[in-house]
Amino acid sequence: MRHTSSGRLAAAGDIALAPLSFVFYRVTRLGMRRLVQLHDRAHPAQATTWRTLDGPAVSKSFNLLALMTSAPRWNTHALIALGGPLHVQHTISISTATAAQSAEAWTIVVHAEPAHNIVASIGSLDASSQEPWHAIDLPPGTYRLALRYYRWSESAELPPVEIDGEPVLGPLAVPAGNNDFYDDLACRSSFLYLFLHSYVCTLLRYRRWFPRSFVEREYLPAGNPQTTFYYGFLQAGTSLFIELDAGLLHTHDVYFTAYNRASFPVLWYPLTESRHTTPAVLATGSYLIRVHAKTSAQDNDKGGTARVRVQPVPPQIRQPPDPRVGDACPVPARTSQGKSPA
């Protein structure tokens, strides 16, 4: 009875805290967007250089807070790079041959600024193997590029980009250990980030009370046209039984990530079997499954009808240490299944 009462009190506290967290997140995100715009104006040269998401980038407090308010559902499975803002009159041309040589699966998404809306994309499923460059026609405006490499090679290189026929972004070699910073990223958890994102757990836990569009807008990452998402609340000590449709792994890559309440990743790996039970996750938080198409459009539905079934396994740990913060600084899994591609 005492355990039930304390659980109800904790749930009531979470519900009471959620609106404050939500407002704090929205205000902080708005403020950071304004600061990022000012930073871009003060440092125009960086717009013409690819910027990879790596250890030096996230070591800067300003960058980390900007990322935690713009893209807090970290994609631990992809090599990510950003370019821009770029001023375009007619076309952006991308060396798709360079991307194809660097990664088995890749996407480049074009965002219009300042609203950051997706206006175009090109990826390994769309690019012609016969054409070394691909041109995207755009109305005059300012744009950013977001690149993702999946299953990239040790000699991966970011592609050159031309704007209206003029070279703007040059090629950039990426170190093989670019994504090693994820191993201890959760050590950056703090009460600032806990308060910033704590509303998300409450939103997911009681998502039947809210419109689906609202939940997905608040939780899901910036859209990647080739990716479908499955997600939910994750109680401390819980494992997940994940079942994939037969044949799904032939046409899609499937990636699992668990986050703590502060939205830092604490467990991640690709799924390589159609029936899988995850380890128990000590951190209360959320899970996100990315289903990323890897074959051509005529051979799959890009995740449109792909089905992933997730069943929580009851917690085996009755009193995990500090369930609000959870295992804030985990030791990442380093199995053949758990290591990010390199």
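The values are calculated or read from the model by the stated rules, or taken from the named source; none is laboratory data. Here the structure is a predicted model, which means the values were calculated and not measured. Methodologically, a virtual Cβ is constructed for each residue, glycine included, from the backbone with ideal geometry; neighbour enumeration extends over all protein chains shown.
Results, tabulated for the structure shown:
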item	result
Close pairs (7 angstrom Cβ cut-off, 6 or more residues apart or separate chains): within 15 Å of A176 (Cα to Cα) in the range 53-80, part of a helix (DSSP H, G or I) and among the aromatic types (F, W, Y) anywhere	D54/F181; G55/F181; T76/Y182
Residues within the range 33-79 that are assigned to a loop (DSSP other than H, G, I, E, B) and either among the aromatic types (F, W, Y) or outside the structural domain of I94 (by TED's automatic domain parsing) (or both), tallied	2
Single unsatisfied condition, L30 versus (1) touching a Lys or Arg at 6+ places or on another chain (Cβ under 6 Å); (2) in a helix (DSSP H, G or I); (3) more than 18 Å from P265 (Cα to Cα)	(1)
Check on P160, modelled with pLDDT of 95 or more and more than 18 Å from the chain's Cα centre (by Cα)	yes
Given (1) closer than 12 Å to A146 by Cβ; (2) touching a Ser or Thr at 6+ places or on another chain (Cβ under 7 Å); (3) assigned to a loop (DSSP other than H, G, I, E, B); (4) not acidic (D, E), index of the condition T107 fails	(3)
Given (1) modelled with pLDDT under 90; (2) surrounded by fewer than 16 Cβ atoms within 10 Å (Cβ to Cβ), index of the condition G84 fails	(2)
Residue satisfying condition, being in a strand (DSSP E or B) and at negative phi, within set Y231, Y193, Y199	Y231
Matching residues, the range 128-150, being among the small types (G, A, S) and either over 14 Å from E162 (Cβ atoms) or buried (at least 19 other Cβ atoms within 10 Å of the Cβ) (or both)	S128, S129, G141, A146
